[in-house]
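Comments concern the structure below.
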Amino acid sequence: SKSTLSYASRAKTHRSSLVKKLFDIAEVKKTNVAVSADLRNTKDLLALADAIGPYIAVFKTHIDLVSDFGEATVAGLKSLSVKHNFLFFEDRKFVDIGNTVQQQYHGGALRISEWAHIVNASVLAGEGIIEALVQTAQGSDFQYKDERALLILAEMTTKGSLATGAYTSSAVEIAKRHQGFVIGFVATRSLESVRTDIPATEDEDFVIFTAGVNRSSKGDKLGQQYQTPKSAIERGSDFIIAGRGIYASEDPVASVKLYQEEGWQAYLARIGS
Ligand code: S5P
């Protein structure tokens, strides 16, 4: 299993140049933290990115929460990602028909493809949504080829989630057919054992992003369920997504350092070093 290998060795063999970059960042900065920056205005978003930028690999956004989203948001985020060396993940959870998601991804009010290195999609609508996004990202007018990637939302952290069983299993099957632009999953654990009936290609190496990570809380009043950074990494996660545990804490910088430390120690233990 690739999950017992270091990010550095996975970077060497990975077919996606975006994943190579992601693993390089993890190694250089010694972090597998993806902050979920669910903030409501550009000023707060940029202030958080600048403050915690040194300690994260990925800055995950819900850009439709940003009430004053515009050119300054994009320019500010881009310059901070260069300054601190992290990638953007827009948590848009595309879920519509192919023709609609293509337009939601590329262009539109939020211009997601212009700045988000990573996006995610649900396969509720079937494989066509993934094919549509692949088509856009491989189009001749797409300027960001090799700098963009897609995660499939294979599970969800909320109580009573319907993304389980056959749904998760189909998500894995679809991902196996679109390796390249599809780099992995948003899931609570490694999904390696989910489709043992479809042999893995030699270079198959899905990246797992795990949301619902919090060091001190078990959940919220709206059905969110948490696990710790250590538990997520032990269960096969490669990047831990933490939102309120970091940005809503009294001292986000002190907090992100604790997530970084716990996540990295668990990763070192997993790879046996
Ligand atoms: O299953 C999921 C998938 C995602 S991407 N559960 C989640 O909570 N998320 C996202 O992770 C959610 O949309 C939010 O942005 C973040 C969790 O935030 P937190 O404040 O609960 O850590």
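The values are calculated or read from the model by the stated rules, or taken from the named source; none is laboratory data. Please read all numbers here as calculations on a predicted model, not as lab measurements. Cβ atoms come from the backbone with ideal geometry, glycine included; neighbour counts cover every protein chain shown. Accessible surface is based on the protein model in full, side chains and every heavy atom, while ligands, DNA and RNA are left aside. Shrake-Rupley method; radii C 1.70, N 1.55, O 1.52, S 1.80 Å.
Filter the range 205-230 down to the residues that are assigned to a loop (DSSP other than H, G, I, E, B) and over 24 Å from Ala269 (Cβ atoms) and list them by number. Lay out the reasoning, then the answer.
Narrowing the range 205-230 to residues assigned to a loop (DSSP other than H, G, I, E, B): 205-206, 211-212, 214-218, 220-224, 226, 228.
Matches in the range 205-230: Asp220, Lys221, Leu222, Gly223, Gln224.
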- [ ] Go through the range 16-53 residue by residue and tally those that are in contact with a helix residue (DSSP H, G or I) (Cβ under 6 Å, 6 or more places away or on another chain), under 12 Å from Ser81 (Cα atoms) and among the β-branched types (Val, Ile, Thr).
- [x] 1
Open item on the list: Give all pairs with beta carbons closer than 7 Å in which a residue from the range 54-79 that is within 25 Å of Trp264 (Cα to Cα) meets a residue that is open to solvent by 50 Å² or more (accessible area, probe 1.4 Å) and at pLDDT 95 or above; count only pairs at least 6 apart in sequence or on separate chains.
Closed with: Tyr55/Lys257
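Every residue in the range 50-68 that is assigned to a helix (DSSP H, G or I), more than 27 Å from Glu27 (Cα to Cα) and of a type outside the set (D, E, K, R), please.
Filtering the range 50-68 for residues assigned to a helix (DSSP H, G or I) gives 50-55, 63-65.
Remaining after also requiring more than 27 Å from Glu27 (Cα to Cα): 63-65.
Listed by number, the residues that qualify are Ile63, Leu65.
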Open item on the list: It is to be established whether one or more residues within the range 32-39 are away from the ligand (no atom under 16 Å from the Cβ) and open to solvent by 10 Å² or more (accessible area, probe 1.4 Å).
Closed with: no
TODO: For the range 79-193, please list each of the helices (runs of 4 or more DSSP H) lying entirely inside it that holds at least 3 residues being open to solvent by 30 Å² or more (accessible area, probe 1.4 Å).
DONE: 98-105, 128-137, 165-177
